[in-house]
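Student: One structure follows; several queries about it will come next.
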Amino acid sequence: MPNWCSNTLTITGDYDTLVQLKPIIDKDEDGLLEAIAPIGEWDYGTAVETWGTKWDVSTEGLDFTDNGDGTATIQGYMDSAWGPPIDAFQKLADDWDSCYIELMYEEGGMAFVGCWDSEGADDHYEYSEFTSENIRDNIPHYLLDQFDYIEENLSQYEEEEKDQETVN
């Protein structure tokens with residue numbers, strides 16, 4: 001069973017372009033990655049190479065919004081296996097250059113957090129060596145605010161380690 005990577009996604013762009021993804025989002029099921037970067041019959045190696053993750057993602061946490069001005073927004077959250085599906089969204093960005101895509105992600109088991117966007121940002125940090133006291137000195141605040149549980153999880157882990165030392 002993989003570690004799950006938490007992702008928050010925002011895609012903004014031309015309504016006529018983004019509406020193509022609306023039927024997939026409305027289904028609230030897997031299929032978004034296959035829709036934007038098709039691989040056909042699932043194969044582990046092909047999925048990881050094409051999508052950046054092992055399995056397709058559910059659209060259950062995503063919403064489509066018609067902004068009423070000729071633009072639309074797809075926004076929400078999804079989980080992916082092991083890592084963020086950056087490769088799939090890069091393909092979408094290459095195909096739909098009129099859209100802006102931002103993917104923020106965090107995977108606690110492997111202790112990494114980051115933000116990728118279609119304009120070239122790829123802000124990625126590993127935090128396994130940081131503590132709850134120094135993480136804000138090493139990870140941008142916007143990521144820690146987005147994934148506000150990271151500091152709390154580190155603090156709990158530190159308390160458990162401290163308690164374990166006391167027992168031994």
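The values are calculated or read from the model by the stated rules, or taken from the named source; none is laboratory data. Keep in mind that this is a model prediction, so the values were computed, not measured. Counting neighbours? That spans all protein chains shown, and the Cβs are built from the backbone with ideal geometry, glycine included.
Student: If a residue counts only when it is in contact with a Ser or Thr (Cβ under 8 Å, 6 or more places away or on another chain), in contact (Cβ under 8 Å) with a residue 24 or more places away in the chain and closer than 19 Å to T8 by Cβ, which helices (runs of 4 or more DSSP H) contained entirely in region 27-138 have at least 3 such residues?
Tutor: The helices (runs of 4 or more DSSP H) meeting that bar are 86-95.
Student: Among D87, D56, which is in contact with a Leu (Cβ under 7 Å, 6 or more places away or on another chain), surrounded by 16 or more Cβ atoms within 10 Å (Cβ to Cβ) and acidic (D, E)?
Tutor: When all the criteria are applied, what remains is D56.
Student: Follow-up. Looking only at residues that are among the hydrophobic types (A, V, I, L, M, F, W, C) and not in a loop (DSSP other than H, G, I, E, B) in region 139-168, which one is surrounded by the fewest Cβ atoms within 10 Å (Cβ to Cβ)?
Tutor: V167
Student: Now, a different point. Taking the criterion of being modelled with pLDDT under 95 and aromatic (F, W, Y), would at least one residue in region 101-108 satisfy it?
Tutor: Checked against the condition, which is being modelled with pLDDT under 95 and aromatic (F, W, Y), region 101-108 yields no hits at all.
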